[in-house]
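Please treat every number below as a calculation from the coordinates, not as lab data. No experiment lies behind these values; they were computed from the predicted model shown. Ideal geometry is used to build each Cβ from the backbone, glycine not excepted, and the neighbour counts take in all protein chains shown.
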Ligand SMILES: [Zn+2]
C-alpha cells in the first residue's frame, strides 16, 4: 500500500505503518495514529505514546479502531470544532461539532483513498 502520510505530516524520520483507516507513525519520543476525518476533510492525529494527552487505541489491526476518550479538535474555535468518538471503525460526531455531520455516525474512510 502506498502511504501518503509522509507528505502531509512531515514525520519523515518516523517509522510508518499503513493500515486502511489508521496509519501508525512511531518515533522515539512519541507515537501516533493518523486518520482522515470525513467531517473536516483533514487528517487528525491520535497520540498513543508520549506526552499527555495520550489516547487509548484498540482494534487497529482488525481495521476497526476504537479510541478513548473522545477526540476534540480546535476546541477554541467553535466555527471549526470537531468532536467525536471513534468506535469499531466508525466515527460518531457529537452535537458540538460545527459541520453538517454533527450528531451523525459514519464509517471511517480509508486513508489512502482521500
Ligand atoms: Zn474532524
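Taking the number of Cβ atoms within 10 Å of each Cβ as an exposure proxy, the fewest-first ranking of 33, 42 is 42, 33. Mean separation of Cα pairs under 8 Å and 6 or more residues apart, divided by the residue count, gives the chain a relative contact order of 20 percent. Counting every other Cβ atom within 10 Å of each residue's Cβ, 74, 55 order from fewest to most as 74, 55. Only helices enter the 222 nm calculation for the chain: every DSSP H run of n ≥ 4 contributes -39,500 (n - 2.57), and dividing by all residues gives -1000 deg cm²/dmol, rounded to 500. Annotation: Cα Rg of the stretch 5-113 relative to the compact-globule expectation 2.2 N^0.38 Å equals 1.02.
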